[in-house]
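Visitor: Please see the structure below; I have some questions.
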Amino acid sequence: MPTWLVTGGAGFIGGNFVLEAVAAGVRIVNLDALTYAGNLDTLSALDGQSGHRFVKGDIGDRALVAALLVEHEPDAIVNFAAESHVDRSIDGPAAFVQTNVVGTLSLLECARDYWKSRGDGARDAFRFLHVSTDEVYGSLGDTGKFVETTPYAPNSPYSASKAASDHLVRAFHHTYGLPTLTTNCSNNYGPYQFPEKLIPLIVAKALAGETLPVYGDGRNVRDWLYVGDHCSAIRAVLERGRVGEVYNVGGDAERENIVVVKTICALLDARRPLADGRARESLIAFVKDRPGHDRRYAIDASKLKNELGWSPSVTFEEGIARTVDWYLDHQDWVKRVLDGSYRLERIGGAA
């Protein structure tokens with residue numbers, strides 16, 4: 001049974017990854033600081049299971065991380081831990097630098113020292129996989145896609161902090177030989193996503209019959225990736241990826257934001273019609289755009305497909321229907337997440 005140290009494993013993507021990994025027979029040591037986006041309810045199915053050990057803590061706590069590495073001797077570290085919401089980075093960029101840059105540096109130093117202490121076989125097998133974002137590449141025009149060699153051009157404090165962490169991971173491989181892997185993914189969606197992100201936010205507001213805010217003209221384009229497909233891509237890279245390489249992960253599902261919102265409206269109208277019979281599209285309201293809002297992202301995942309045989313298995317139409325149904329069936333989870341620290345209000349207007 002392999003052992004992996006997963007950081008940020010109580011968050012959206014990390015939580016889904018942990019649930020799937022434990023089900024596949026991997027022993028997980030799960031380190032999460034439980035900030036606003038971390039939620040132990042996501043992991044409740046693992047209560048009492050010997051294959052999952054949860055530890056509350058920060059990746060910047062070197063003593064804690066070093067102790068966990070010595071105690072559990074993981075075969076890999078998978079780093080999901082990050083401040084991840086663009087709007088929050090506009091209001092408070094310092095927290096993003098602290099976690100995404102300083103925290104990642106601390107984690108890398110602990111990983112390097114642990115890796116060097118291992119015997120030859122264990123040292124050769126060890127991997128450090130860093131989960132990042134396509135936002136580090138900046139914004140695309142109407143055509144083209146991001147590839148692994150696209151120059152970095154981050155446009156928000158969030159993406160700048162993730163770009164810095166990516167560079168640190170690369171530097172630790174080239175300087176110290178640490179066997180690193182990096183994945184840069186497109187926009188994820190699916191179960192357990194914190195409801196300040198577009199899709200769960202729109203689901204929550206549409207269910208309540210509230211106004212549905214859409215930034216700008218609604219025509220910003222994202223490549224949507226179902227979280228289960230992202231998790232399978234990470235496992236493929238961890239198990240078969242070439243050391244030191246970067247792999248882009250995309251869902252091959254470009255959609256304008258307004259199309260995503262209208263799709264959610266139609267799904268909810270069919271499943272839970274409003275009492276007054278209104279179509280939920282009538283609730284859409286265009287609001288002032290986010291400062292520095294990138295116009296279009298699109299991922300070319302052909303390297304991942306050609307080298308490792310991975311491709312997305314869930315279409316956007318399938319995935320968004322599954323996601324809406326999950327939120328309808330898990331309203332208790334949503335209510336517990338909305339504990340008072342976030343009430344679906346707009347953030348990110350500081351600029």
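Visitor: Part of a loop (DSSP other than H, G, I, E, B), touching a residue at least 24 places away in the same chain (Cβ under 8 Å), among the hydroxyl-bearing types (S, T, Y) and farther than 25 Å from D113 by Cα - does that describe any residue in the range 47-70?
Guide: Within the range 47-70, none of the residues are part of a loop (DSSP other than H, G, I, E, B), touching a residue at least 24 places away in the same chain (Cβ under 8 Å), among the hydroxyl-bearing types (S, T, Y) and farther than 25 Å from D113 by Cα.
Visitor: Sticking with this structure for a sec: Only residues that are closer than 24 Å to N187 by Cα and touching a Lys or Arg at 6+ places or on another chain (Cβ under 6 Å): list them for the range 1-43, please.
Guide: Scanning the range 1-43 gives L34, D41.
Visitor: Within the range 258-303, work out how many residues are among the basic types (K, R), surrounded by fewer than 17 Cβ atoms within 10 Å (Cβ to Cβ) and within 22 Å of W326 (Cα to Cα).
Guide: Qualifying residue count for the region: 2.
Visitor: Every residue in the range 156-187 that is β-branched (V, I, T) and closer than 12 Å to T104 by Cα, please. Working first, answer last.
Guide: Initial filter on the range 156-187 (β-branched (V, I, T)): 169, 175, 180, 182-183.
Across the range 156-187, the qualifying residue is only V169.
Visitor: Read through the list (1) buried (at least 24 other Cβ atoms within 10 Å of the Cβ); (2) more than 19 Å from the chain's Cα centre (by Cα), then give the number of the only condition that I77 fails.
Guide: Among (1) buried (at least 24 other Cβ atoms within 10 Å of the Cβ); (2) more than 19 Å from the chain's Cα centre (by Cα), the lone unmet condition for I77 is (2).
Visitor: Would you tally the residues in the range 52-101 being in contact with a Gly (Cβ under 6 Å, 6 or more places away or on another chain) and over 18 Å from N155 (Cα atoms)?
Guide: 5
Visitor: Could you name every one of the strands (runs of 3 or more DSSP E) located completely within the range 151-230 that has at least 2 residues being farther than 23 Å from I258 by Cα and not aromatic (F, W, Y)? Spell out how you get there, then give the answer.
Guide: Working: elements: 180-185, 187-189, 212-215, 221-226.
Because the criterion is at least 2 residues that are farther than 23 Å from I258 by Cα and not aromatic (F, W, Y), the strands (runs of 3 or more DSSP E) in the range 151-230 that meet it are 180-185.
Visitor: Additional query: Among the residues of the range 285-321, which ones are among the aromatic types (F, W, Y) and over 21 Å from V86 (Cα atoms)? First the steps, then the outcome.
Guide: Pass one, the range 285-321, residues among the aromatic types (F, W, Y): 286, 297, 310, 316.
Hits for the range 285-321 are W310, F316.
Visitor: Taking the stated definitions as given, is G177 in contact (Cβ under 8 Å) with a residue 40 or more places away in the chain and surrounded by fewer than 19 Cβ atoms within 10 Å (Cβ to Cβ)? Even if it seems obvious, please write down each step before you answer.
Guide: On the way: in contact (Cβ under 8 Å) with a residue 40 or more places away in the chain: no; surrounded by fewer than 19 Cβ atoms within 10 Å (Cβ to Cβ): yes.
So G177 fails the test.
Visitor: Now a separate question. Being closer than 30 Å to S156 by Cβ, buried (at least 17 other Cβ atoms within 10 Å of the Cβ) and modelled with pLDDT of 95 or more narrows it down to one of G38, G8, so name that one. Write out each step before concluding.
Guide: Values: G38 fails: modelled with pLDDT of 95 or more.
When all the criteria are applied, what remains is G8.
Visitor: Looking only at the range 195-227, which residues are surrounded by 20 or more Cβ atoms within 10 Å (Cβ to Cβ), touching a strand residue (DSSP E or B) at 6+ places or on another chain (Cβ under 9 Å) and of a type in the set (D, E, K, R)?
Guide: Listed by number, the residues that qualify are R222, D223.
Visitor: Please indicate, with yes or no, whether at least one residue in the range 77-98 is assigned to a helix (DSSP H, G or I), more than 30 Å from G292 (Cα to Cα) and β-branched (V, I, T). It would help to see each step written out before you state the result.
Guide: Taking the range 77-98 as the starting set, the residues that turn out to be assigned to a helix (DSSP H, G or I) are 86-91, 93-98.
Those left that are additionally more than 30 Å from G292 (Cα to Cα): none.
No, there is no match, as no residue in the range 77-98 is assigned to a helix (DSSP H, G or I), more than 30 Å from G292 (Cα to Cα) and β-branched (V, I, T).
Visitor: Here are some residues: V101, V147. Which one is in contact with a helix residue (DSSP H, G or I) (Cβ under 9 Å, 6 or more places away or on another chain) and surrounded by 18 or more Cβ atoms within 10 Å (Cβ to Cβ)? Show your work before the answer.
Guide: Values: V147 fails: surrounded by 18 or more Cβ atoms within 10 Å (Cβ to Cβ).
Only one candidate qualifies: V101.
Visitor: Does G121 meet the test of being more than 23 Å from the chain's Cα centre (by Cα) and outside any helix (DSSP H, G or I)? Reasoning before the result, please.
Guide: Values: more than 23 Å from the chain's Cα centre (by Cα): yes; outside any helix (DSSP H, G or I): no.
No, not satisfied.
Visitor: Let me ask something additional. For the range 218-257, enumerate the residues that are under 16 Å from the mean Cα position of the chain (by Cα), over 14 Å from V78 (Cα atoms) and aliphatic (A, V, I, L, M).
Guide: L225, V227, V249
Visitor: Checking Y192 against (1) surrounded by 15 or more Cβ atoms within 10 Å (Cβ to Cβ); (2) farther than 16 Å from V324 by Cβ; (3) aromatic (F, W, Y), which single condition isn't satisfied?
Guide: (2)
The values are calculated or read from the model by the stated rules, or taken from the named source; none is laboratory data. Given the structure is predicted, the values throughout are model-derived calculations rather than measurements. No Cβ is skipped: glycine too gets one built from the backbone with ideal geometry, and neighbour counts run over all protein chains shown.
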